[in-house]
Amino acid sequence: MRTAAAVTALSLLLPLPAQRSLEALQQEFFAQSRQLAAGSPTREQRLELLDKQVAELGRFLAAEAAGDDRWNGRLMLADLQLARGDRQAAAAALRAIDSKAAPALLLTSAATMAQHLNLRELRDEWIAAAIARETPLRDRLAMARLLCTVLREVARGEQVFAAALAAASDDEQRALVRWHRADGLRDREDLGDDAGFQELEKLAAELPKTYWGGVARDRLRAARLQRGDEAIPFAAPTRKGEVVSLAGLRGKTVALVFWTSADRDLPALVALLRQARQQRPDGVAVLGICIDRDPRGIDAAIAAAGIDFPVIGEGKGIETDAALRWFVEGPVVHVIDAAGTVLALGLHAGTADARQQLTDYLTAAPK
């Protein structure tokens, strides 16, 4: 189950309707944090960096921020203050968000942090303001999920889902609404573990010709996938514009690599994959699926990691098509054999034993 703090932090990774200046600042902070983490920092060094970032973000908000940057930046500032352990400063940053001007989804995300800080009155004010505002469909669906889970406002969240479903203009929109509701059921504390899967079964059966009905079908398969099963097919353009598919890679052992730029094990994994391809140049193919949320940063991450295999990545995070169908929500490697069936699932490069296991699967002669 995700904690309020975790969901709030994740909300900062949502595509922001903000100016580039804040996005650039976020990328700068991320690079600073990653560089520091690479050197096994002390607690004092981590706090020093947080202090520096808080000060820099404060200057940005005071002198540069415009439009929705003002509110996204303050939510980001509150998150950094919480990381420093300063709840009072975090609360002050939240209170500076204007409920009449900030976007509804941001208010809902901020309400989760206000709840974490026991700011009940502020939380309730923001929830009411968010629900009352006209909001794009996808934002409303994200709001409904937060209401039903972290904020524990199940009745209000279900009302938002019901209204969105009633307003849907066609089966595709209806399937989209039902998908988000079904996927959100996984985090509901008042329901059983299989509630979400039951709704996915209904969606796949009742709207099978829609995009989200197809995703529901494949996700159900992915949840039950075992070695020897046929791999879940997909096709998508790479960052270079070439369309790749699993079917097109038949005849080779395929490493299906879901990765993020934040994964500390990425350099070791890239080196391992390069070595495996050198050992079996005509027998191993690698296909990367980047599940970062910043489309502009993916090419930079590819270059920084020295990735020389095809990469699919649209900046949709875990809503990237292949990640949806394979039920992937974090870095992982699956291996598919030359016949298109699953050889291994859930591999990684985090330990010496794990790297050896992955190498063995990729370099073993096909049977």
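The values are calculated or read from the model by the stated rules, or taken from the named source; none is laboratory data. This structure is a prediction, so every number in the text was calculated from the model and none was measured. Cβ atoms come from the backbone with ideal geometry, glycine included; neighbour counts cover every protein chain shown.
Does A354 meet the test of being farther than 21 Å from P281 by Cα and under 21 Å from the mean Cα position of the chain (by Cα)? Judged against the criteria, A354 is not a match. The sole residue among Q32, Q81 that is in a helix (DSSP H, G or I) and more than 28 Å from L122 (Cα to Cα) is Q32.
Within segment 207-232, take every residue that is of a type in the set (D, E, K, R) and either in a helix (DSSP H, G or I) or over 23 Å from the mean Cα position of the chain (by Cα) (or both) and give me the one that is surrounded by the fewest Cβ atoms within 10 Å (Cβ to Cβ). Selected residue: K209. Filtering segment 189-223 to residues that are of a type in the set (A, V, I, L, M) and under 29 Å from E153 (Cβ atoms) leaves L191, A195, L200, L203, A204, L207, V215, A216, L220, A223. Applying the condition of being among the polar types (S, T, N, Q) and in a helix (DSSP H, G or I) to segment 37-64 and asking which residue is nearest to the chain's Cα centre (by Cα) yields Q53. Contact map, segment 313-325: residues that are assigned by TED's automatic domain parsing to the domain that holds V257 paired with residues that are outside any loop (DSSP other than H, G, I, E, B) and of a type in the set (D, E, K, R), Cβ distance under 7 Å, separation 6+ or inter-chain. Pairs shown: L324/R219; R325/D218; R325/R219.
Name the single residue, out of those in segment 140-161 being within 11 Å of I127 (Cα to Cα), outside any loop (DSSP other than H, G, I, E, B) and without any contact (Cβ under 8 Å) to a residue 60 or more places away in the chain, that is farthest from the chain's Cα centre (by Cα).
Among those that are within 11 Å of I127 (Cα to Cα), outside any loop (DSSP other than H, G, I, E, B) and without any contact (Cβ under 8 Å) to a residue 60 or more places away in the chain, it is R156.
The single residue among A349, A301 that is crowded, with 17+ Cβ neighbours inside 10 Å, among the small types (G, A, S) and in a loop (DSSP other than H, G, I, E, B) turns out to be A349.
Given the criteria touching a strand residue (DSSP E or B) at 6+ places or on another chain (Cβ under 9 Å), touching a residue at least 40 places away in the same chain (Cβ under 8 Å), surrounded by 13 or more Cβ atoms within 10 Å (Cβ to Cβ) and not in a strand (DSSP E or B), does A276 qualify?
yes
Only one entry of V286, V254 meets the criterion of being of a type in the set (V, I, T), in contact (Cβ under 8 Å) with a residue 60 or more places away in the chain and buried (at least 19 other Cβ atoms within 10 Å of the Cβ), and that entry is V254.
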